[in-house]
Amino acid sequence: MSILKVAQMGHPVLRVPADPVSDETLASDDFQRLLDDMAATLGEYDGIGLAAPQVHAPLRACLIGIVTGEPGEAERLRVIAAVNPKLTPLTDETQVGVEGCLSMTDLRGLVPRRRAVRLDAIDRHGEPFSLDLEGYPAVVAQHEVDHLDGVLFLDRMPDLRSLAFAREFARYGVEPEEPQEPQEPAAEPAP
Ligand code: NI
């Protein structure tokens, strides 16, 4: 497995809609290697999600990390490879959370997302699956699928005043754009 270079904001590959993965592509060694390399890249950079366009492959495939483990236990990251993913909102409710992105190293911002979504996709072997996601995993899925449409989290921010560098964010937090319950700003890994 290889660690791949992650495209940074400004690279055109991050702004074009990615192509659906054909059966032929899915079965190819190149594509299977791409998924392995994406997993290695995600681990190397301590990310929680990664989309193929971020590693210069304009294909509709992404990795979605779900943190598992009971409080007090060591957290584990379960990484799901989603090919040709589709998201369906399961609620009208939104949640506002802190996001980062491996293609925008060191930036953080507050982004509203649907609180719960259904993920329909095929796995790396072509098997269809469906997964209901809620809370942070739902955020990660929306962030990654956005990448497949050329959308970055900045585009989803209603108020750019919450944009911050990670160091400053860790020090001062970011101001929510609307009154919220006080909450401890959690430093989540960058999707
Ligand atoms: Ni991202």
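The values are calculated or read from the model by the stated rules, or taken from the named source; none is laboratory data. This is a predicted model, so every value here is computed, not measured. All Cβ positions, even for glycine, are placed from backbone atoms using ideal geometry, and neighbour counts span all protein chains on display. Note: areas computed on protein heavy atoms with side chains; ligands, DNA, RNA excluded. Shrake-Rupley method; radii C 1.70, N 1.55, O 1.52, S 1.80 Å.
Scanning segment 121-149 for residues that are away from the ligand (no atom under 16 Å from the Cβ) and open to solvent by less than 60 Å² (accessible area, probe 1.4 Å) yields 121, 122, 123, 126, 129, 131, 133, 135. Of all residues in segment 36-65, which are farther than 15 Å from residue 145 by Cα, touching a helix residue (DSSP H, G or I) at 6+ places or on another chain (Cβ under 9 Å) and away from the ligand (no atom under 13 Å from the Cβ)? 37, 56, listed by residue number. For segment 75-96, the condition holds for no residue, the condition being that it is out of contact with any strand residue (DSSP E or B) (no Cβ under 9 Å at 6 or more places or on another chain) and in a loop (DSSP other than H, G, I, E, B). With respect to the conditions (1) without any contact (Cβ under 8 Å) to a residue 24 or more places away in the chain; (2) within 13 Å of the ligand (Cβ to nearest atom), residue 109 lacks only one, and its number is (1). When we screen 102, 50 for residues that are part of a loop (DSSP other than H, G, I, E, B), touching a Pro at 6+ places or on another chain (Cβ under 8 Å) and either open to solvent by 40 Å² or more (accessible area, probe 1.4 Å) or within 25 Å of residue 174 (Cα to Cα) (or both), the only hit is 102.
Just to verify a result, which residue in segment 7-26, among those that are surrounded by 13 or more Cβ atoms within 10 Å (Cβ to Cβ) and part of a helix (DSSP H, G or I), is farthest from the chain's Cα centre (by Cα)? Only one residue tops the list, namely 25. Taking segment 146-166 as the range and being part of a helix (DSSP H, G or I) and either at pLDDT 95 or above or in contact with a strand residue (DSSP E or B) (Cβ under 8 Å, 6 or more places away or on another chain) (or both) as the test, the residues that pass are 146, 147, 148, 153, 154, 155, 156, 160, 162, 166.
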